[in-house]
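Shown next, in structure tokens, is the structure this report addresses.
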């Protein structure tokens, strides 16, 4: 399998977009070069899902991956990082084969409801991941926005160095 | 609502598109300064500098406070940079996932092709 992939020319990477739709919503979109049926399969079969959900660059590994991808079914993911573990779990509110997945993120009261849609576009798939948080505060709590305030000045410093260098 | 982030980013980038305004930010990074100080340093009229400061203020990059007759400017980075940085991190995280997912989808496609041609044999 590896040899075959290497012998083919690398296709152009499709663009990932992230948009903050409102204070409590984030939307991620991406096109995949395959039919919705296959992309959906990669999101719902644990043996496929675990191969891509936690890439090495995240600095974590997926120790356990249980997905019961049926409406009302549950999922549980266990991540490992430097000897400690983190658990994520929730329930599938809706599973419509090849077109729509909705699940809760129940590990915290601030968890979003995630809706993933798969739209066939002539052999390709438009994927949209929509996270809706219970409130603006919940979004901020989940993403450490408040705590990150201290880093802001450092980020501006970096930005100014970059701008200075490009002058 | 769709324009939520974009409008604020536009304001920030417009503010940063000017060399004088970037210089003002660098200066304020070192120390707070009055508009008069800044005007002198950048050899501008007070009115000209005021205009630049207003643009930076509207973009949330600078805050000003008037004490007596002197208006002091300081770096006032709001949530914008923080949010832009967050969006960048979020996008990179999904990009690395999706790069892996590309491989899986490609493998599934190949597998289907092989299975399909076997069936036709």
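The values are calculated or read from the model by the stated rules, or taken from the named source; none is laboratory data. These numbers come from a predicted model, not from an experiment. Note: ideal-geometry Cβ built from the backbone for every residue, glycine included; neighbour counts use all protein chains shown.
Quick notes
- Looking only at residues in the stretch A:50-67 that are exposed (fewer than 15 other Cβ atoms within 10 Å of the Cβ) and more than 9 Å from chain B (Cβ to nearest Cβ), the one that is nearest to residue B:95 (Cα to Cα) is A:59.
- Selected residue (only one of A:23, A:47 is within 9 Å of chain B (Cβ to nearest Cβ), surrounded by fewer than 16 Cβ atoms within 10 Å (Cβ to Cβ) and more than 15 Å from residue B:93 (Cβ to Cβ)): A:23
Condition check ((1) facing chain A (nearest Cβ under 9 Å); (2) crowded, with 17+ Cβ neighbours inside 10 Å; (3) at pLDDT 90 or above) across all residues:
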residue	(1), (2), (3)
B:34	no, yes, yes
B:48	no, no, yes
B:55	no, yes, yes
B:71	no, no, no
B:102	yes, yes, yes
B:105	yes, yes, yes
B:110	yes, no, yes
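- Tally, over the stretch A:26-36, of residues that are touching a helix residue (DSSP H, G or I) at 6+ places or on another chain (Cβ under 9 Å) and either surrounded by fewer than 21 Cβ atoms within 10 Å (Cβ to Cβ) or more than 10 Å from residue A:118 (Cβ to Cβ) (or both): 5
- Set B:60, B:68: member being on the phi > 0 side of the Ramachandran plot, in contact (Cβ under 8 Å) with a residue 12 or more places away in the chain and assigned by TED's automatic domain parsing to the domain that holds residue B:14: B:60
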